Structures are given as structure tokens and as C-alpha cells.
Amino acid sequence: MACGVAAAMVAAAFLTMAVVLVAKAWSAADLGFLFDPSSRVADRAGIGPALAGTLWLAALTVAFAFPVGVGTAVYLEEYLPPGGVAVVVSGAVANLAGVPSVVYGVAGLALFVRGMGMGPTLLAGGCTLAALALPTVIVTSRAAIRAVPRGLREAAYSLGATRWQVVRGQVLPAAAPGIVTGSCAAFIRTVGEAAPLLVLGAVSVMTFAPRSPADPLTSLPTQVFAWSTRSQQDFAAVAAGAGVALLLVLLVMNLVARVVRRRLQGVSA
Amino acid sequence: MSVPTTRAAVPVLAAEDLTVRFGRRTALANVTLSVPRGRVVSLIGPSGGGKTTLLRAFNRMNELVPGVATTGTVRFDGVDLHGDEVDPVEVRRRIGMVFQQATLFPRSIFENVAFGPRASGYTGDLQELAEELLAAVGLWSEVAEDLDRPAMQLSAGQQQRLCIARTLALRPEVLLLDEPTSALDPAATARIESLIHSLRQDYTIVLATHGRRQAARLSDLTAYLAGGELIEYGPTETLFTTPRDRRTESYLTGRIA
Ligand SMILES: Nc1ncnc2c1ncn2[C@@H]1O[C@H](COP(=O)(O)OP(=O)(O)OP(=O)(O)O)[C@@H](O)[C@H]1O
Ligand SMILES: [Mg+2]
């Protein structure tokens with residue numbers, strides 16, 4: 001019941017946001033807007049490159065942070081003996097989850113853009129966003145793993161399974177729906193971030209759609225930011241349009257997460 | 001005796017001066033007991049007496065509990081189970097266990113039976129193996145038409161039998177059964193009891209039970225455990241008819257719950 005009310009409120013908030021944005025974006029909306037490159041002239045500005053950039057960033061973030069995060073969570077929960085090291089690592093991860101995203105941008109600038117010589121590319125952006133999502137992926141995955149009933153583990157051990165067989169065969173499948181739900185929430189929040197990408201040096205006018213992670217860093221959130229700080233009135237509508245596109249991308253990510261979770265629950269039910 | 005001991009003379013399982021503590025609580029205190037090959041041994045006694053802990057000491061399950069401390073020796077075929085070269089995974093493959101609460105995997109019936117053999121690298125036909133074991137526990141006729149059904153849909157009695165089949169799939173030498181009928185109605189209990197009776201030909205069985213009659217019906221030897229101590233251990237008939245210890249006697253006559 002309370003759950004239903006909360007869901008309704010969230011849906012209402014989301015709808016309101018969408019309506020406002022769409023209303024603002026209406027004047028800018030035509031098919032060309034979706035695919036055109038951004039421009040210095042509002043009339044000709046499109047979100048093609050920014051949209052492609054965000055899709056790249058989402059893919060890179062998930063590809064880096066998901067395996068590393070889940071792997072770390074498994075290690076911490078199932079392998080590392082409780083005690084000194086575990087306590088220190090847990091504390092560190094929990095603290096990292098609370099570090100503001102802009103600070104990740106500063107660290108990413110020093111580490112990925114300059115230190116590793118990636119330059120302000122999508123790859124550097126993906127690495128930074130992955131680092132930003134990682135602590136939350138670890139924390140939520142650990143919670144999901146810990147929620148697996150002890151009896152399930154013991155039954156598997158009693159049947160002569162090795163630790164890895166227990167983890168692979170029983171613990172991970174049972175924890176998978178929780179891991180996916182928690183991780184996706186983290187990814188969705190991360191992909192909507194502008195601040196760290198601005199620090200890395202995202203470009204605000206991109207004339208071609210990025211085709212590889214080595215292309216310049218561009219994304220919907222940074223594009224929204226760039227356009228909304230322009231003084232010309234026309235750009236406000238374009239910015240709103242990009243905002244709607246961003247919401248749609250995140251919505252699609254959410255739907256994908258739901259489908260994956262359904263699948264996983266079907267398997268283990 | 002200096003005569004070389006035959007295999008039959010070495011007890012399958014032996015606890016020597018075994019003490020198990022969970023944190024500050026002592027679950028087993030200085031227990032010495034041996035299980036002869038091919039016999040059924042019952043562990044009886046009040047709740048919290050240490051039956052489960054002793055069973056779990058026999059296949060090294062206690063060490064999975066954080067904060068557990070074990071002293072003393074447990075031998076399997078004369079070999080110290082806590083010896084350096086002993087792999088607990090191998091121990092659990094040879095000494096099978098069925099838990100107090102049936103804990104099936106949230107998978108199909110077939111997957112439940114297949115998990116153990118797969119884990120130990122079984123190369124034969126799993127379908128055939130499943131059929132054989134489900135038949136051995138009298139479940140085949142009830143589930144044959146759909147082995148891909150979720151195991152959780154089975155009745156409690158069927159679940160317990162599936163748990164036993166799943167353990168038998170390891171081809172263990174010893175079966176540790178922890179109150180296999182505590183959650184079952186009389187009819188399902190009777191089925192499990194006749195199953196245990198038929199398994200005694202092929203396995204050494206250690207059975208923890210609250211049912212004094214069950215112990216009397218099924219076992220050759222009975223141990224009475226209370227407060228973590230082994231109070232009395234001997235042939236079932238002797239223990240039930242002429243217990244040596246007064247505590248055993250009052251438990252058997254029902255003066256202790
Ligand atoms: N995982 C554990 N953590 C802490 N204490 C435990 C644990 N398992 C058992 N104990 C304690 O060890 C003692 C013996 O428990 P055990 O489960 O062996 O008794 P039992 O004879 O099997 O009882 P029951 O008939 O109720 O199953 C009890 O005091 C119990 O509280
Ligand atoms: Mg018990």
C-alpha cells in the first residue's frame with residue numbers, strides 16, 4: 001500500500017517534469033533535432049552527438065563498473081575473512097560512496113585524462129563515471145549477497161561444492177535480482193551526471209557523432225548544461241529538448257533493468 | 001591386540017574428546033563416540049543438547065560458522081579429518097548430510113539432484129542418475145512426468161525425500177540425517193522411516209532425532225546427549241530397557257522434555 005502511494009508519487013513527479021520539459025522543448029522538436037549535430041545556432045542545433053556520447057558512456061560505465069563491482073562484492077562477502085582488512089575496506093567503500101561527483105571529476109582529470117594520457121575522451125569519461133558508480137554497485141551487491149539465506153549456502157557446501165561452486169551455482173543466482181536492481185539504480189544516476197564530465201573537459205559543440213571511445217567527450221547532461229547557460233532565449237528550448245532525451249535514455253535503462261530482473265527471477269523461482 | 005586391524009574393525013567415524021564452542025557457548029563438551037561401519041546410530045536428547053553440532057562435526061560443516069572453535073579429534077576411517085592434507089570438500093562428498101529443515105535449491109527437481117554430482121565432476125548420464133536416486137527414495141513415480149518442475153512446489157515430505165536423494169547422488173559412504181522427520185506428518189514420517197530402513201544396507205547412518213520411538217525402531221546403537229555432553233552410549237535395546245545413567249532414564253521416561 002505505502003509502496004503503491006510512493007510509486008504513484010514518483011510517477012507523478014516524473015510526469016510533471018516530463019510535461020514541463022516537453023512543453024519547453026516543443027518549439028525545438030523535429031526529427032532533425034534528434035540526429036543533427038549541435039551548433040552555435042539554436043535553430044540548427046541537434047543532440048545527435050550528445051545522445052551517442054551518452055550511450056557510449058553508459059555502455060563503458062556498465063562494462064567497467066559492473067564486473068569489478070560485483071567481483072569485489074563477492075570477494076568481500078564470501079572470501080575475505082571477517083576482521084581487520086574487511087572492516088577497513090568496507091569503511092573505505094562506504095566513504096567513497098558519499099564523495100561528491102565533482103570530486104570524482106577532479107580525480108578523473110588527474111588520473112585518466114592527464115596521468116594515463118587519455119585526454120578528454122569518452123573513454124576517460126567512462127572510466128570516471130565507472131569509478132563514481134563503483135562504490136554504490138559494491139555496497140548494493142554486498143547487501144544482495146548477504147541476503148541470500150545461510151541454509152542455501154550450507155546445503156551447497158554439504159553437497160561437496162567448492163567455495164566457487166557455491167558462489168557461482170547458488171549465491172550469485174539467488175542474489176542476481178538484487179544486484180541488478182541496485183547496480184542499475186547506480187548506473188542511471190551516474191549516466192545523468194554532468195559535473196564530473198564538465199571537469200574532465202566535455203566539449204559543448206560537437207559536430208559529428210562519436211564513433212569510438214577515443215572520440216571527444218560529449219554527453220546529454222553536459223550538453224543540457226552548455227545550452228542552458230547560453231544567453232540566447234532559443235537555446236532554452238533546445239536545452240529542454242536535450243533534457244527530455246536524457247530522461248528517455250534513463251527510462252529505457254530502467255526498463256532494461258526491469259526486464260533483466262524479471263528474467264533472473266524467473267530462472268531462480 | 002597386535003593383530004592388524006581389518007577395515008571393519010576401524011570405526012567409520014570417531015569423535016575423540018571433541019569440544020565445540022560457538023563464541024562462549026559450549027555446544028559439545030569432551031565427547032568421545034565411535035560409529036561402527038554399516039550400523040545405524042541414533043543421537044537423542046533434549047533440544048540444544050548438541051546433536052546437530054556433533055553431526056556437523058562429522059563432515060566439517062561447523063567450520064563454516066564464524067567464531068566456532070573445535071578441539072579434540074574427529075576420525076573418518078581412522079584418518080584425522082582436520083589433518084593438513086584433508087580437503088573439507090572431499091570430506092563432504094564422502095560423508096553426506098541431510099539438514100533439519102529441508103533446504104532445497106530454488107530450482108527444478110532435476111537441478112537439485114544434479115548439483116552435487118556436477119560439482120564433483122560426474123561424467124555419467126545425469127538423467128539416469130536422477131531417475132535411479134528418485135526411485136531409491138520412492139519419489140520417481142510421483143515426479144517422473146515433470147522433473148523440470150520447481151522443487152519448492154513439492155510437499156514437505158517429498159521435499160525431504162528429494163533432499164535425501166540429492167545427498168545420495170554424491171555416492172557417500174556415510175549419511176548424516178538431522179531430524180529428517182521433524183517437520184512431517186505421520187504418513188510422511190513412516191515413508192522416510194522405511195526409506196532409512198532400506199538405506200541401512202548400503203550406508204552407515206547417523207540419525208539425530210527427537211523421536212525416542214524412532215530411535216528405538218531404526219537404530220542399532222543410541223547415544224544420549226544433553227547439555228553438550230555424551231551421557232550414555234550403547235546398544236539401542238540396552239539403553240532403552242536398562243539405562244545406566246539416571247539422566248538417560250528420566251529422559252526416556254519423559255520426565256525431561
Ligand atoms: N551457529 C551457532 N551459533 C551459536 N550457537 C550455536 C550454533 N549452533 C548451535 N549453537 C548452540 O549449540 C548448542 C547445541 O546446539 P545443537 O543445534 O547442536 O543442539 P540440538 O541437539 O541439535 O538441538 P535441537 O534438538 O533443537 O536441534 C545450543 O546451545 C545452541 O544454541
Ligand atoms: Mg538439531
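The values are calculated or read from the model by the stated rules, or taken from the named source; none is laboratory data. For clarity, every value in this text was computed on a predicted model and none was experimentally measured. Note that each Cβ is placed from the backbone with ideal geometry, even for glycine, and that neighbours are counted across all protein chains shown. Areas reflect the complete protein model, heavy atoms only, side chains present, ligands, DNA and RNA absent. Shrake-Rupley method; radii C 1.70, N 1.55, O 1.52, S 1.80 Å.
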Task: Rounded to 5, percent antiparallel among DSSP beta bridges of chain B - done: 60
- [ ] Could you sort B:212-221, B:155-164 so that the peptide with the highest average Cβ count within 10 Å comes first and the rest follow in order?
- [x] B:155-164, B:212-221
Task: Signed unit charges on C-beta, dipole axis of chain B, positive-most listed residue B:190, B:98, B:32 - done: B:32
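Residues with beta-carbon under 15 Å from that of residue A:80, excluding residue A:80: net charge, scoring Lys, Arg +1 and Asp, Glu -1? Display every interim value, and only then the final one.
On the way: positive: A:142, A:146, A:163; negative: A:77, A:78.
Here the charged neighbours net out to +1.
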Open item on the list: Just to verify a number: FRET efficiency for residue B:152 and residue B:241, C-beta to C-beta distance, R0 = 41 Å, to 0.05?
Closed with: 0.40
Open item on the list: Can you divide the C-alpha Rg of chain A by 2.2 N^0.38 Å and report the result to two decimal places?
Closed with: 1.14
Task: Heavy-atom surface of chain B, accessible at 1.4 Å and reported per residue (Å²) - done: 45
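Per residue, how much accessible area does chain A show when a 1.4 Å probe rolls over the protein heavy atoms, in square angstrom? Write out the running numbers ahead of the final one.
Numbers: 12950 Å² over 269 residues.
Spelled out: the 1.4 Å probe surface of chain A, per residue, equals 48 Å².
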Task: Considering only segment B:131-257, percent of DSSP beta bridges that pair antiparallel, nearest 5 - done: 55
- [ ] Treating the angle as unsigned and between 0 and 90°, give the value, to the nearest 10°, between the Cα long axis of helix A:48-74 and the longest Cα principal axis of chain A.
- [x] 10
- [ ] First check a/c for segment B:106-208, with a ≥ b ≥ c the square roots of the eigenvalues of its C-alpha gyration tensor; if it is under 1.5, answer rounded, and if not, answer prolate when a/b is larger than b/c or oblate otherwise.
- [x] oblate
Open item on the list: Can you give me the % of accessible surface on chain A that is carbon or sulfur? Probe 1.4 Å, all protein chains present, nothing else counted.
Closed with: 70
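Provide, as a two-decimal number, the C-alpha radius of gyration of chain B over 2.2 N^0.38 Å, N being how many residues it has. Could the numbers behind the result be given before it?
Numbers: Rg = 18.4 Å, N = 257, 2.2 N^0.38 = 18.1 Å.
Here the Cα radius of gyration is 1.01 times the empirical estimate.
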Open item on the list: Can you compute the modelled spin-label distance between residue A:116 and residue B:101, with each label point 7 Å from Cα toward Cβ, in nm?
Closed with: 4.5
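Under the rule of -39500 (n - 2.57) per DSSP H run of 4 or more residues, summed and divided by the residues of the protein assembly as shown, what mean residue ellipticity at 222 nm is obtained, to the nearest 500 deg cm²/dmol? Each step should come with its number before you reach the end.
Working: 22 runs with 274 residues, N = 526.
Counting only the DSSP helices, I get -16500 deg cm²/dmol.
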Task: Pair residue A:229, residue B:16: separation of 7 Å Cα→Cβ label points (nm) - done: 7.8
Task: Calculated P(r) tail over 44 Å for the protein assembly as shown, as whole % of Cα pairs - done: 38
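Using a Förster radius of 30 Å, what is the FRET efficiency between residue A:12 and residue A:96 based on their Cβ-Cβ separation? Nearest 0.05, please. Provide the component values of the computation, followed by the final result.
On the way: r = 33 Å, r/R0 = 1.11.
According to the calculation, E is roughly 0.35.
Using the Cβ atoms and a cut-off under 13 Å, what net charge is assigned to the surroundings of residue A:177, where Lys and Arg are +1 and Asp and Glu are -1? Could you put the intermediate results ahead of the total?
Numbers: positive: A:258, A:261, A:262, A:263; negative: none.
Summing Lys/Arg as +1 and Asp/Glu as -1 gives +4.
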Task: DSSP beta bridge pairing in the protein assembly as shown, given as percent antiparallel to the nearest 5 - done: 60
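At the nearest 100 Å², what buried accessible area, both sides summed, do you get for B and A when the probe is 1.4 Å? Walk me through the intermediate numbers first.
Working: alone 12550 and 13910 Å², together 24640 Å².
Rounded to the nearest hundred, the buried surface is 1800 Å².
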- [ ] Starting from the Cα coordinates of segment B:11-123, work out the convex hull volume and express it per residue in Å³.
- [x] 141
Task: residue B:65 versus residue B:202: modelled label distance in nm, points set 7 Å from Cα along the beta carbon direction - done: 3.1
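What does the charge count around residue B:213 come to, taking other residues whose C-beta lies under 15 Å from its C-beta (Lys +1, Arg +1, Asp -1, Glu -1)? Please report the intermediate quantities before stating the final value.
On the way: positive: B:212, B:217; negative: B:179, B:193, B:237.
For residues surrounding residue B:213, the net value is -1.
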